[in-house]
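Contents: one structure, followed by commentary.
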């Protein structure tokens, strides 16, 4: 196992879940774009981090971040923490192997293993616009509908209707306005509740950033790295993405 530097940076893969300025006010870290296949491997070689926080990931234009490269990072002695979006998914899937999960969404995916992946997905603008979210996630909408019902803003029947409509929408089109318009709500009522969106993804992301330094330290003392071997599939996929597959073998040899 490589000797990761105690003072190495924390890397955060962040996109539409949380504004960069808000994240930087919480945690001094190196902030990178949403992770896709190979990005954790490349970032590890570039920054020699002590920990990585996976919040957002890519999954349309590029293959999603691989489970195998997360396991590779942990085998190098790097704590990997996941929350809020793609991070919550991967943490729920890899918790038994040492990945650390934070937040309600992570716990939800751990409990409901067949929950839909697109519950955390949003359509966003390009990197030049800071991955500005253009739609609302299903998990945030469902949390909002529940809060509105308990706050007597909507009835249980209205909550059921709004939830059914939201679940049926493609994530690229799913927004609070679109859901309510489909439900036949008048504009004045839409404006009334639009400001009451419950941002669970944002909440979980902020929690993960606040906890990252202490979680990384705890992980370092408690985690026993598992043996890691590259699979032919991983090597093939890395090379198809234009990434030098030798990187999975050289990190430990050049700490």
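The table for this structure:
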{"quantity": "Computed lengthening from residue 192 to residue 232, 0.36 nm per intervening residue step minus Cα-Cα distance", "calculated": "8.9 nm"}
{"quantity": "Exposure proxy ranking, count of Cβ atoms within 10 Å, fewest first, for 171, 47, 131", "calculated": "47, 171, 131"}
{"quantity": "Alpha carbon centroid spacing (whole Å) that separates region 173-224 from region 26-59", "calculated": "21 Å"}
{"quantity": "Ranked list, fewest to most other Cβ atoms within 10 Å of each Cβ, for 66, 107", "calculated": "107, 66"}
{"quantity": "Point-to-point label distance, residue 128-residue 239, nm (Cα→Cβ direction, 7 Å offset)", "calculated": "3.6 nm"}
{"quantity": "Per-residue Cβ neighbour rank within 10 angstrom, fewest leading, 68, 152", "calculated": "152, 68"}
{"quantity": "Beta bridge orientation in the chain: antiparallel %, DSSP, nearest 5", "calculated": "10 percent"}
{"quantity": "Anisotropy class of region 64-132 from Cα gyration tensor, a/c 1.5 cut", "calculated": "oblate"}
{"quantity": "Gaussian network model of the chain, Cα within-10 Å springs - most flexible of 226, 128, 158", "calculated": "128"}
{"quantity": "Most mobile of 135, 164, 17 in a GNM of the chain (Cα contacts under 10 Å)", "calculated": "164"}
{"quantity": "Principal-axis tilt of helix 138-150 within the chain, Cα atoms, nearest 10 degrees", "calculated": "40 degrees"}
{"quantity": "Antiparallel %, DSSP beta bridges [both residues in region 42-191], to 5", "calculated": "10 percent"}
{"quantity": "Mean residue ellipticity (222 nm) of the chain, computed from DSSP H runs ≥ 4 via -39,500 (n - 2.57), nearest 500", "calculated": "-13500 deg cm²/dmol"}
{"quantity": "In degrees, nearest ten, helix 156-168 long axis to first principal axis of the chain (Cα)", "calculated": "50 degrees"}
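Only the coordinates and a few stated rules stand behind these numbers; no lab work does. Keep in mind the model is a prediction, meaning the values are calculated, not measured. Here Cβ is always computed from backbone atoms with ideal geometry, including for glycine, and neighbour counts include all displayed protein chains.
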